[in-house]
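Working notes, beginning with the structure itself.
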Number of protein chains: 2
Amino acid sequence: MRDFSQDHRWLSINTATVRKSRGRDLPLPDILDACVRRGIRAVSPWRDQVHAAGLEQVSKVVKANGLELSGYCRGGMFTATDDAGLRAADDDNRRAVDEARELNAACLVLVVGALPGALAGKAAHKDLALSRQQVHDGIGRLLEYSRAAGMPLAIEPLHPMYAADRACVNTMEHALDICDALDPSRSGALGVAVDVYHVWWDPQLQAQIARAGRERLLALHVCDWLTPTRHLLEDRGMMGDGVIDIRRIRGWVEAQGFGGYSEVEIFSSPDWWQRDAGETLDTCIARHRSAV
Amino acid sequence: MRDFSQDHRWLSINTATVRKSRGRDLPLPDILDACVRRGIRAVSPWRDQVHAAGLEQVSKVVKANGLELSGYCRGGMFTATDDAGLRAADDDNRRAVDEARELNAACLVLVVGALPGALAGKAAHKDLALSRQQVHDGIGRLLEYSRAAGMPLAIEPLHPMYAADRACVNTMEHALDICDALDPSRSGALGVAVDVYHVWWDPQLQAQIARAGRERLLALHVCDWLTPTRHLLEDRGMMGDGVIDIRRIRGWVEAQGFGGYSEVEIFSSPDWWQRDAGETLDTCIARHRSAV
């Protein structure tokens, strides 16, 4: 198992973590600059941040600084109520693959979607099995395109508390069942993103990480689970502030041969967004050493 | 599958649902009286409500009105940091069995506990596997006592969002693994409580309900998952207001031969507690017909 206590060479920053600084939007180029100045070698930007800054401009900054992308965040949202909706998702996902390729990302992370309309507060139906079938089929269609483009797809199982509105793939087992069905040869074109926040509770976690193996372990995301958790979306914790035994899980992942970045994704945290982004990044570096 | 649309004979009320009326505590005898007046035949009271009213008094009211208990709520909380803590939990759980027996409950529901201290905001450790072992062992010890007393134990898998602080058994599969280990003969002394709120998201749900079979399906709890869910504990929805396909799940449970009550447990809902308990109970009756 790699020793993270001496440096932060394997730290990646998901750029949503510092989307805001002192409560104000921080443009992606400024985020990248702040990372580079701290010797952070990798990031995982969100699409909307890339679009706001311009793909070409972001690509230029990334290449000029030798930054790596531990992932591109994100494709998915495959579910819909009609064929037009499914086709629109397909089109958007192919564009996400193209962008990920331009940025030379390690993988495109997929948040697969759930009951159509639920995220806006009104689910169109309650048929979770139907949504899961649409997700399966949608990944299958995208895989033809992404495989040709040489861009691995990483299914991210989301915590079961997001099953209604964000992702109806909620366990490693389910994600790997999809991988086995669509990519039985374990080609490397399809795998999973292991975010400890989403999967730490799963009694099958160690076994499913072993089942995934090196070919299917495409990304490792870290943050922490706070007690109490005050909000379903906006209360992710900094590594070390919660109850997840992050190092143990990283050990399981590395035992399979994973040697990539550990990506800090403190998604949508008003607490951290109120602070200075520099302070947040410095804390990520310190906690990456002490708690990851 | 039973037709619930014509009457509410299979409705049970978990008394936490109407713990308050118009924001004020409602004593258990008043709750029982309000249920009886509406022709509700079964309840599942919480221990603290029983203790406040006095076990003997509650037992008298229950028997005088021919009320049934779909369950007794609750035993569990098996985890601790030392032997004294484990023994205290054992003692308390044996008392819960005695009370459940006095009230002639169908089962004692077990919320098994998780990381010691986490519920108070400060977990003593992060070793979820250790907590799970303590839960396994604690249920094993209690089972000797409850079996002799003739009181079935129902392990209630709680939603994974409670894995840190309330229950580290979070899937039907895990609960049934414990049942198979401790009661391999499927004697009826140990089983599960299926609360749709906790398990609706699980891709293994239908298969695990079938695995449980009639001997292990001891209780069915219903409410709904709201989108958005605004609070991890205090935002359970009334049946029909959310996204759970409750009738489909009830169908899976009944296909195994389950013919017991469907128990409404809208645990800890400030919204419903602000209303008049009579309105809440009338709504439970109506929704039990239309959405369960």
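The values are calculated or read from the model by the stated rules, or taken from the named source; none is laboratory data. Just so it is clear, the structure is predicted and the values come from calculations on it, not from any experiment. Note that each Cβ is placed from the backbone with ideal geometry, even for glycine, and that neighbours are counted across all protein chains shown.
Within this structure, B:S70 passes the test of being over 22 Å from B:Q133 (Cα atoms), hydroxyl-bearing (S, T, Y) and under 14 Å from the mean Cα position of the chain (by Cα).
Of all the criteria given as (1) of a type in the set (G, A, S); (2) crowded, with 17+ Cβ neighbours inside 10 Å; (3) touching a helix residue (DSSP H, G or I) at 6+ places or on another chain (Cβ under 9 Å), the one not satisfied by A:S59 is (2).
In the stretch B:269-292, the residue that is nearest to B:Q49 (Cα to Cα) out of those that are touching a Gly at 6+ places or on another chain (Cβ under 7 Å) and surrounded by fewer than 17 Cβ atoms within 10 Å (Cβ to Cβ) is B:Q274.
Evaluation of A:I139 against the conditions (1) out of contact with any Asp or Glu (no Cβ under 6 Å at 6 or more places or on another chain); (2) more than 13 Å from chain B (Cβ to nearest Cβ); (3) free of Cβ contacts under 8 Å to residues at least 60 places away in the same chain shows that the sole unmet condition is (3). In the stretch A:176-292, counting only strands (runs of 3 or more DSSP E) that sit wholly within it, the ones holding 2 or more residues that are without any contact (Cβ under 8 Å) to a residue 60 or more places away in the chain and not charged (D, E, K, R) span A:190-195, A:217-222. In this entry, B:A129 is excluded by the filter for residues that are in a helix (DSSP H, G or I), surrounded by 24 or more Cβ atoms within 10 Å (Cβ to Cβ) and within 14 Å of chain A (Cβ to nearest Cβ).
Residues that are crowded, with 22+ Cβ neighbours inside 10 Å, at pLDDT 95 or above and in a strand (DSSP E or B) occur at least once in the stretch B:97-105.
Does at least one position in the stretch B:107-121 carry a residue that is in a loop (DSSP other than H, G, I, E, B) and within 22 Å of B:R214 (Cβ to Cβ)? So far as the stretch B:107-121 goes, yes, one or more of its residues are in a loop (DSSP other than H, G, I, E, B) and within 22 Å of B:R214 (Cβ to Cβ). Mind checking which pairs have a first residue in the stretch A:102-123 that is more than 14 Å from every other protein chain (Cβ to nearest Cβ) and under 21 Å from A:S59 (Cα atoms) and a second that is part of a helix (DSSP H, G or I) and polar (S, T, N, Q), Cβ under 6 Å, 6 or more apart or different chains? Cβ pairs passing all conditions: A:E102/A:S59; A:L103/A:S59. Taken as a whole, the stretch B:190-207 holds at least one residue that is surrounded by fewer than 21 Cβ atoms within 10 Å (Cβ to Cβ), more than 22 Å from B:D82 (Cβ to Cβ) and more than 10 Å from chain A (Cβ to nearest Cβ). With respect to B:Y145, is the statement that it is among the hydroxyl-bearing types (S, T, Y) and over 19 Å from A:V243 (Cβ atoms) true? Spelling it out, B:Y145 is indeed among the hydroxyl-bearing types (S, T, Y) and over 19 Å from A:V243 (Cβ atoms). What's the total number of residues in the stretch B:208-226 that are of a type in the set (D, E) and either within 20 Å of A:Q204 (Cβ to Cβ) or away from chain A (no Cβ under 11 Å) (or both)? Total satisfying the criteria: 1.
Scanning the stretch B:227-268 for residues that are surrounded by fewer than 19 Cβ atoms within 10 Å (Cβ to Cβ), within 10 Å of chain A (Cβ to nearest Cβ) and among the aliphatic types (A, V, I, L, M) yields B:L232, B:L233.
Taking the stretch A:157-189 as the range and being away from every other protein chain (no Cβ under 14 Å) and among the small types (G, A, S) as the test, the residues that pass are A:S185, A:S187, A:G188, A:A189.
Listed conditions (1) in contact with a Cys (Cβ under 9 Å, 6 or more places away or on another chain); (2) polar (S, T, N, Q); (3) surrounded by 23 or more Cβ atoms within 10 Å (Cβ to Cβ) are all met by B:S146, apart from (1).
Has the stretch A:160-172 got any residue that is closer than 18 Å to A:R214 by Cβ and surrounded by 19 or more Cβ atoms within 10 Å (Cβ to Cβ)? Checking the stretch A:160-172: at least one residue is closer than 18 Å to A:R214 by Cβ and surrounded by 19 or more Cβ atoms within 10 Å (Cβ to Cβ).
Can you spot a residue in the stretch A:67-78 that is crowded, with 24+ Cβ neighbours inside 10 Å, hydrophobic (A, V, I, L, M, F, W, C), within 16 Å of A:Y145 (Cβ to Cβ) and in contact (Cβ under 8 Å) with a residue 60 or more places away in the chain? Looking through the stretch A:67-78, at least one residue is crowded, with 24+ Cβ neighbours inside 10 Å, hydrophobic (A, V, I, L, M, F, W, C), within 16 Å of A:Y145 (Cβ to Cβ) and in contact (Cβ under 8 Å) with a residue 60 or more places away in the chain.
Table: residues versus (1) over 19 Å from the mean Cα position of the chain (by Cα); (2) modelled with pLDDT under 95.
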| position | (1), (2) |
| --- | --- |
| A:Q208 | no, no |
| A:G213 | no, no |
| A:L220 | no, no |
| A:T229 | yes, no |
| A:F267 | no, yes |
| A:D271 | yes, yes |
